[in-house]
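Remarks on the structure that follows.
The values are calculated or read from the model by the stated rules, or taken from the named source; none is laboratory data. These figures come from a predicted structure and were not determined experimentally. Note: ideal-geometry Cβ built from the backbone for every residue, glycine included; neighbour counts use all protein chains shown.
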Amino acid sequence: MRILHTEWSNGWGGQEIRIINEIVALKKQGHEIFLACRRDSKIAEVALKSQIPIFYLPFRGNVDLYSLFRLFLIVRRKNIDIVNTHSGKDTWVGGLAAKAAGVKFIRTRHLSNLISTSKLNFINEVADFVITTGESVRSLMIKRNRIVPSKILSIPSGPDEKKFSPDKFSKNEAKKYFNLSKDEICIGMLAVMRRFKRYDKFVNMADYITTVFPDKNIKFCLAGDGPQRELIKNLIKDKNLSKNFIFFGHIDNTPEYLRALDLFVLCSDSGEGVPQSLMQSLMMNTASISTDVGSVRDLHFGNNFTLVDKDNQNELNHAVKKYIDNYDIAIGPETREFMVDNFSERVMIKKIQDLYKSLHANFQ
């Protein structure tokens, strides 16, 4: 099949990582895949390194006629079978171009933010199929946005089980790689520094923990970058916690980082589907705490990680305290086994490819 992905975003997070991973994996299956994105975007930079053919478009808005016409021509000239769109602006432009060209249009919805119920917001309804990254998002779009249940499926973004394998290196080796002491309790986040990730709650938790455990050697690790970076640094400084925090910035060696952590924390209050960072942490068998947000519950199996109320700072604080109080409790292999069997990249790619084949077969 010949597939065109569109992406308006110029950032770099779970959404963009999923697109690249899907394209690379399906190229290995023999499909010809293209990407339309903005010239100054991070995804364009990564796509070039991955030898993915790119078309640069401005995607200035929902009614960007220039981008729409260009996409229409690309679809026709490249004999595209399926257009898969990912953000709001490129979904309108890409979806309408696909419809005008007479090819299949898939809308992939990555976030859990509510979508307007206005009848004028019809682009998701005209899609031939909608993919969400979590069951809660799927349910909301059926209930609020008039999506036919048979035309929407949740396919979470799955980590590569070979890459995210705790057996590849010991925790002490991973800590050494990041210049962390094996005697330190390392508690960390991994996320783009955006408001909805609620780094402020993580800092507030760190303030509480350092007060409760003044004699313990605890380091709070932040991996990622983004528009909130300076605000987060200032908040840490205001609380006199600078010596307790380490900023790693953007990292590419994510498995090693998650292996180095003793506890992974996700503090988001909105915007999540099924967070890739939490999936990666669980696949690395790293103890994890997450706010109950988006479709996080899709990953909850027994006691594989701790869920806390997204609006309750004290609940987060006490969950971390409980972990430190029981620091020596071993994490069994069941968590990783559950992730590999249900949320690995291999499972994701099979579901996506099966969907593409079904749509393509029905179209011919």
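Scanning the stretch 196-233 for residues being crowded, with 19+ Cβ neighbours inside 10 Å, basic (Lys, Arg) and either more than 16 Å from Ile246 (Cα to Cα) or out of contact with any Asp or Glu (no Cβ under 8 Å at 6 or more places or on another chain) (or both) gives a total of 3. The set of residues from the stretch 305-364 being of a type in the set (A, V, I, L, M, F, W, C) and more than 19 Å from the chain's Cα centre (by Cα) comprises Val308, Leu316, Ala319, Val320, Ile324, Ile329, Ala330, Ile331, Leu355, Leu359, Ala361, Phe363. When Ser295, Ser270 are screened for being in contact with a Leu (Cβ under 9 Å, 6 or more places away or on another chain), small (Gly, Ala, Ser) and in the same structural domain as Phe196 (by TED's automatic domain parsing), only Ser270 passes. Taking the criterion of being outside any helix (DSSP H, G or I) and charged (D, E, K, R), the residues of the stretch 220-246 that qualify are Asp225, Lys239.
Checked against (1) in contact (Cβ under 8 Å) with a residue 12 or more places away in the chain; (2) more than 30 Å from Leu241 (Cα to Cα); (3) touching a strand residue (DSSP E or B) at 6+ places or on another chain (Cβ under 9 Å), Ile142 passes all but a single condition, namely (1). Sub-8 Å Cβ pairs linking a first residue in the stretch 221-249 that is small (Gly, Ala, Ser) to a second residue that is in a helix (DSSP H, G or I), at least 6 apart or interchain, are Ala223/Thr254; Ala223/Tyr257; Ser242/Ile236, ordered by first then second residue.
Conditions (1) at pLDDT 95 or above; (2) surrounded by fewer than 23 Cβ atoms within 10 Å (Cβ to Cβ); (3) outside the structural domain of Ile123 (by TED's automatic domain parsing); (4) not hydrophobic (A, V, I, L, M, F, W, C), marked per residue:
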position	(1), (2), (3), (4)
Ala44	yes, yes, no, no
Tyr66	yes, yes, no, yes
Phe69	yes, yes, no, no
Asn79	yes, yes, no, yes
Val83	yes, no, no, no
Asp90	yes, no, no, yes
Arg107	yes, no, no, yes
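Residue by residue, here is whether (1) of a type in the set (Ser, Thr, Tyr); (2) crowded, with 20+ Cβ neighbours inside 10 Å; (3) in a helix (DSSP H, G or I) holds:
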site	(1), (2), (3)
Val320	no, yes, yes
Tyr323	yes, yes, yes
Asp341	no, no, yes
Lys357	no, no, yes
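Conditions first: (1) part of a helix (DSSP H, G or I); (2) crowded, with 20+ Cβ neighbours inside 10 Å. Leu140 passes all but one, so which condition is the exception? Going through (1) part of a helix (DSSP H, G or I); (2) crowded, with 20+ Cβ neighbours inside 10 Å one by one, Leu140 breaks only (2).
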